[in-house]
Amino acid sequence: MSKRFSLVVVLALFLAVTLVMPSGLAAREGGDLDIALNTDPESLDPVEASSSPAATVMLHSLETLFDMTEDMELEPLLAEDYEISEDGLEYDLYLREGVYFHDGHYFDAEVVKYNIERLQDEEAVFSFLVDPVQEIEVVDDYHARLHLDEPFAPLLINLSHDFISMISPDAAEEAGDDDADPVGTGPFEFEEWTRGEEVVLERYDDYWGDNAYLDTVTFNIVPEDSTRVVQVETGEADVAVFIPPYERERLEAEPDVEVVQTESLRTIYAGFHTRNEPFDDVRVRQAFNYAIDKEAIVEQILEGAGRPSDAPIAPGIFGYSEQEKYEYNPERAQELLAEAGYEDGLEITFHHPEGRYTMDATIAQAIQSQLADVGVEAQLETMEWTTYLDFLERSPEEAEHEMYLLGWGTVTGDADYGLYSMFHSSEWAPAGSDYTYLGHEEVDELLEAAQSDPDEDNREEYYAEATEIIWEEAPWLFLHRDDQMNAVRDGVEGIVFHPREQVISAEAYFAE
Amino acid sequence: MSVYILRRIFLLIPVLLGVALIVFGMVRMLPGDPARAVAGLHATPEYVEHVRSELGLDEPLPVQFGIFMRDLFRGDLGRSTRTRRPVAQEIWPRFLNTLYLTAVALALATIFGMIAGVISAIRPYSIYDQISMFFSMIGISAPVFWLGLILMLIFSVNLGWLPSSGTGTIWHFILPSVTLAAQSTALIARMTRSSMLEVLGLDYIVTARSKGISESAVNLKHALRNALIPIVTILGLRFGILLGGAVLTETVFSWPGIGRLMVDSILARDYPVVQGSVLLLAILFVMINLFVDILYAFLDPQIQYE
């Protein structure tokens, strides 16, 4: 019955659309979009995928229960509505009806159960986002109920994460041990993936929502920065991601190309080992914050593609709360250092990666020279990424780092992921990713409270309080938000650059 | 001769065992944890441990080596830790891409290098000689990275004649193969020139000339043929070097070859893919050397293998 009903709806919609469709709309249809991506996805299966290039490709054909818009608003997608029980332990999800996967499998509550359990059972890279879900109950075809042991307020936002997407159970079963093709419910259908070369997606004409305009979207893998720039200049690519800051001016002079700067959710910081000298003294940590001119780094090294930090997480993330910036003030820095007993200067080692974050090595050098102005001699140690992770992943006693450059993307858009992971004492390395070992009791309590209280206003309040303490304690040298720079050729309209570092072409078209 | 070839092929076995052992050891001596590299910055320690056992990296080293060798004898190179796909599937298409590119580049290098070298040798210190030696000096010294980008700027951005990067049509071959060929062309030109000059000074050339054989026959039939041995040696070596060392060209031109795959795999600590690619390249290197040795016998009847 529901099938017939959906047929009626589709027909009605079709009629409505054809009757009222403005004449300009038809002209939008068609065209092949080429996007120059920086890296090949490691996988397009939600169980294995972990990088933003993978997410960019996947979200065109796989959909999530909820959608996080580019304005960081949570909107229904495959789930139309939801209800959370009073105690925060039951989440009722009401699913969209009449949705089919590209292979013909229908989408229902069983599929939701299958997918979340698959992520948990196969220990997907991002399964921790849904690990608090203990059981998924299929109430009826379009009603799933998630059961939790303890309240976990970030759950809805986590369900919007691109790697918690719904894949056709048939495709997943068929793939067995291998990675499944991304057979989803989205506006584009997976066509072909030549590893290291390109991924081709084709418009899915029976999409449940408005069909995409483009015939195909091709993601070309172009690892070299300068080559991506050349491709968008020659028109071989319509869109190129990750434009290096030093190419910005040249590209902007190009009449057919537009450079688009988009905010991101990634904060760049230099962390301190707060359990060892000299950074066990909060005055030293604050002195470092005053000693560095964050504005200059953003303006001169990043060519403006960033925003000096005024909180440990970026604006736009739920739970962000603005603090008074540590303004550049070398005199104040020197005073604080003197108070801490370092009036004659200080020698430290500063570890940093190269090529991981935008201009990371150059930024480290800038920090080194500004520190020298306040009498701190920082010795730079460049490390290759995997070696670097290994070096940092140690307990406070075994750790050898003093100060280290790193970035953290709060990819869910919720402070839980940005603050809890970085500052809760249960997250100290090697268990988690906190290499500062700050361990502040009050911060711990606030972050726990924010995790279990389903009330949004209360949560914001908790995060604001925690942020204030973290800011004051300064376990980081707070640097900046690392913005994205992408280039688009004229005539390409409707491309969305998402703060989660994704390029979305579901509504893109070629304007004539 | 065939006994010699067979013996050389049998010699492959100890060579490959040695290569397997060395590669196995070398990738594991690299600092950095492959399980962490796979799991990523955001992963929990439990997940990292899970990945480690899934990849079989929690076993003691000798056991890992045993498993590696056992699978190798079954023709199984394992699975990539990064993509979880069989290594052979990862390597083969990438290897073919590099092979095509290298073959085209080497053909260009041979043709142009030998022509330039022969002309230079016939008319030493002439203006042709000076021009070609000037360009071959540039060819040897220009960094591949720089040369590739300059060619791309001229022929793709400014003139718009050629695709800047990627694969697909025959036009896509031009810029990367010219870039890749530059150094080899220069080397071959210089090698041809000096080796020809040496031969041209020998007595039998004087004799040939005095017999009244035409100048071109002297140069091509008598001189060049005898000058070929060092050129063939260089060619063989370059072929091996280019196969594994085209990574810069591949990166600049987004050419999905095995060099880039190897670098990506080393960075991701993808042991099985690194092992597989190095083994494949080692086999090729040995085979090419064997082929060159056999070629010697054809070029110079004095060389005989027992």
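Quick grid of which residues meet (1) in contact with an Asp or Glu (Cβ under 8 Å, 6 or more places away or on another chain); (2) within 14 Å of chain B (Cβ to nearest Cβ):
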position	(1), (2)
A:347	yes, no
A:351	yes, yes
A:392	no, yes
A:400	no, yes
Inset, instruction - Tell me, please, whether a residue that is without any contact (Cβ under 8 Å) to a residue 60 or more places away in the chain and in contact with an Asp or Glu (Cβ under 6 Å, 6 or more places away or on another chain) can be found in the range A:482-490. - result: no
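Results for (1) among the β-branched types (Val, Ile, Thr); (2) over 21 Å from residue A:368 (Cβ atoms); (3) surrounded by 19 or more Cβ atoms within 10 Å (Cβ to Cβ), shown as yes or no for each residue.
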site: A:279; (1), (2), (3): no, no, yes
site: A:284; (1), (2), (3): yes, no, yes
site: A:295; (1), (2), (3): no, no, no
site: A:303; (1), (2), (3): no, no, yes
site: A:308; (1), (2), (3): no, no, yes
site: A:312; (1), (2), (3): no, yes, yes
site: A:318; (1), (2), (3): no, yes, yes
Inset, instruction - Determine whether residue A:139 is over 29 Å from residue A:32 (Cβ atoms) and either open to solvent by 40 Å² or more (accessible area, probe 1.4 Å) or within 14 Å of another protein chain (Cβ to nearest Cβ) (or both). - result: yes
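Residues checked against (1) at pLDDT below 85; (2) within 28 Å of the chain's Cα centre (by Cα); (3) under 15 Å from residue B:116 (Cα atoms):
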| position | (1), (2), (3) |
| --- | --- |
| B:187 | no, yes, yes |
| B:203 | yes, no, no |
| B:209 | yes, no, no |
| B:215 | yes, no, no |
| B:227 | yes, yes, yes |
| B:241 | yes, yes, no |
Inset, instruction - Scan (1) touching an Asp or Glu at 6+ places or on another chain (Cβ under 7 Å); (2) open to solvent by less than 10 Å² (accessible area, probe 1.4 Å) for the single condition residue A:115 breaks and write down its number. - result: (1)
Legend entry - Extreme residue, farthest from the other protein chains (Cβ to nearest Cβ), among residues of the range A:434-453 that are open to solvent by 10 Å² or more (accessible area, probe 1.4 Å) and closer than 29 Å to residue A:52 by Cα: A:452
Legend entry - Number of the condition not met by residue A:430 [criteria: (1) more than 13 Å from chain B (Cβ to nearest Cβ); (2) open to solvent by 60 Å² or more (accessible area, probe 1.4 Å)]: (1)
Inset, instruction - Mind counting the residues in the range A:362-419 that are assigned to a helix (DSSP H, G or I) and either closer than 30 Å to residue A:69 by Cβ or hydroxyl-bearing (Ser, Thr, Tyr) (or both)? - result: 10
Inset, instruction - Considering each of A:497, A:478 in turn, give the residue that is outside the structural domain of residue A:273 (by TED's automatic domain parsing), part of a strand (DSSP E or B) and at pLDDT 90 or above. - result: A:497
Inset, instruction - Please determine, by comparing only the residues of the range B:152-185 that are assigned to a loop (DSSP other than H, G, I, E, B) and surrounded by 24 or more Cβ atoms within 10 Å (Cβ to Cβ), which one is modelled with the highest pLDDT. - result: B:164
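Yes or no, residue by residue, for (1) among the aliphatic types (A, V, I, L, M); (2) open to solvent by 10 Å² or more (accessible area, probe 1.4 Å); (3) at pLDDT 90 or above:
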residue	(1), (2), (3)
A:42	no, yes, no
A:66	no, no, yes
A:72	yes, yes, no
A:84	yes, yes, yes
A:94	no, yes, yes
A:102	no, yes, yes
A:125	yes, yes, no
A:129	yes, no, no
Inset, instruction - Restrict the check to the range B:230-250 and report whether at least one residue is charged (D, E, K, R), in contact with a Gly (Cβ under 7 Å, 6 or more places away or on another chain) and crowded, with 19+ Cβ neighbours inside 10 Å. - result: yes
Inset, instruction - Keeping to the range B:49-75, report how many residues are farther than 18 Å from residue B:267 by Cβ, touching a residue at least 12 places away in the same chain (Cβ under 8 Å) and within 14 Å of chain A (Cβ to nearest Cβ). - result: 2
Inset, instruction - Please go through the range A:210-258 and pick out each residue that is part of a strand (DSSP E or B), within 9 Å of chain B (Cβ to nearest Cβ) and open to solvent by less than 20 Å² (accessible area, probe 1.4 Å). - result: A:221
Legend entry - The lone exception for residue B:7 - which of (1) farther than 28 Å from residue A:392 by Cα; (2) among the basic types (Lys, Arg); (3) within 14 Å of chain A (Cβ to nearest Cβ) it fails: (3)
Inset, instruction - List every residue pair whose Cβ atoms sit under 8 Å apart, with the two residues 6 or more apart in sequence or on different chains, where the first one lies in the range A:220-240 and is at pLDDT 90 or above and the second, anywhere, is open to solvent by 20 Å² or more (accessible area, probe 1.4 Å) and among the small types (Gly, Ala, Ser). - result: A:234/B:160
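The values are calculated or read from the model by the stated rules, or taken from the named source; none is laboratory data. These figures come from a predicted structure and were not determined experimentally. Counting neighbours? That spans all protein chains shown, and the Cβs are built from the backbone with ideal geometry, glycine included. Keep in mind that these areas ignore ligands, DNA and RNA; they rest on the heavy atoms of the full protein, side chains included. Shrake-Rupley method; radii C 1.70, N 1.55, O 1.52, S 1.80 Å.
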